[in-house]
1. Taking the chain as a Gaussian network, Cα atoms linked when under 10 Å apart, which of E81, E191, E171 shows the biggest mean-square fluctuation?
2. Compute, for the chain, the length of the dipole vector about the Cα centre, with Cβ point charges of +1 (Lys, Arg) and -1 (Asp, Glu) only. Units Debye, rounded to 20.
3. Express in % the proportion of alpha carbon pairs of the stretch 40-196 at distances exceeding 29 Å.
4. If you fit an axis through the alpha-carbon atoms of helix 22-40 and take the longest principal axis of the Cα set of the chain, what angle between them do you get, 0 to 90°, nearest 10?
5. How about the stretch 92-158: which trypsin sites (Lys or Arg not before Pro) there are in a DSSP loop, with at most 16 other Cβ atoms within 10 Å of their Cβ?
6. So for each of 232-239, 139-146 I average, over its residues, the number of other beta carbons within 10 Å; can you give me the resulting order with the highest mean first?
7. For the stretch 21-82, what are Rg and Dmax over the alpha carbons, in angstrom?
8. Give me the net charge for the shell around G247: Cβ to Cβ below 14 angstrom, other residues only, Lys and Arg +1, Asp and Glu -1.
Amino acid sequence: MKEYGTRTFGELYAERYDVMYEDPMVTETHDSVETLAELAGGGKVLELAIGTGRVALPLAARGLTVHGIEASEAMVAKLREKPGGSAIPVEIGDMAEARVEGTFDLIYLVFNTIFNLTTQEAQVRCFKNAARHLSARGMFVVETVVPDFSEYVDGQRMKGSWANMDAARFEIAIQDRVAQTVAFQRIVISEDSTRMVPHFMRYAWPSELDLMAQLAGLERRDRWAWWDRSPFTADSKSHVTVYARAGQ
Ligand SMILES: C[S@@+](CC[C@H](N)C(=O)[O-])C[C@H]1O[C@@H](n2cnc3c(N)ncnc32)[C@H](O)[C@@H]1O
């Protein structure tokens, strides 16, 4: 998927993003906003890959000063349409590189979005960019799934999601175990059309993310299985990890 760039996700999903994730998002958004607001402690906040403002807008509504970095102008256009959306400063650019004036007490990168950076090198640069923007007491929070390939056979998985009289939707995922990437095609096929929505990501286990943090001069302060701060165990499907400057 060589053509899959930093702006591809937004170009493909901006129109449907808020609707697509509406149901699962409601409790997830609520829980993440609660915990992030506590961690911010009233300080300045930066969201990497702010998207349509799902998390940033409720945080700003609590009186926090929120900034964002986002690769996709299409996603930011959706943010701007929402109440309060035009008041959030957003730097359009790659979260692994883009600079924002000042430092922040809380920087967060949620909803598996670290995996949208499709090489290890870009993910390391992203940790370094977050570290560069952290205040002395600042925290960098990363939330993502723990990769799970239990449904894959020979490095691939095909899964149907719905079928009716006229059409069906299914997803093909092809894993590269060395690059740690998965190329997805989400396909809706009907009698007279086929629609393809690609997705491409690089996965990393929690231990590799911790190593990236170390390379950026950070250390892990907390790791929970979810936003409710439930204990992280070998069976956890996801993790919310808090990093801070090493030795502080
Ligand atoms: C799954 S969405 C998450 C959006 C938002 N953080 C949320 O939780 O709803 C992924 C977002 O990452 C953005 N994105 C992907 N690669 C990026 C990059 N390299 N730099 C900045 N944003 C990026 C996409 O445009 C999209 O808005």
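1. Of E81, E191, E171, the most mobile in the Gaussian network model is E191.
2. 640
3. Counting pairs separated by more than 29 Å, the tail of P(r) holds 34 percent.
4. 20
5. In loop regions of the stretch 92-158 (DSSP not H, G, I, E or B), the sparsely surrounded trypsin sites (Lys or Arg not before Pro) are R99.
6. Descending mean neighbour count gives 139-146, 232-239.
7. 11.4, 31
8. Spelling it out: positives minus negatives among the neighbours equals +3.
Taken together, the values in this text are just the output of simple stated rules run on the coordinates, not laboratory data. Just so it is clear, the structure is predicted and the values come from calculations on it, not from any experiment. Cβ: placed from backbone, ideal geometry, glycine included. Neighbour counts: every protein chain shown.
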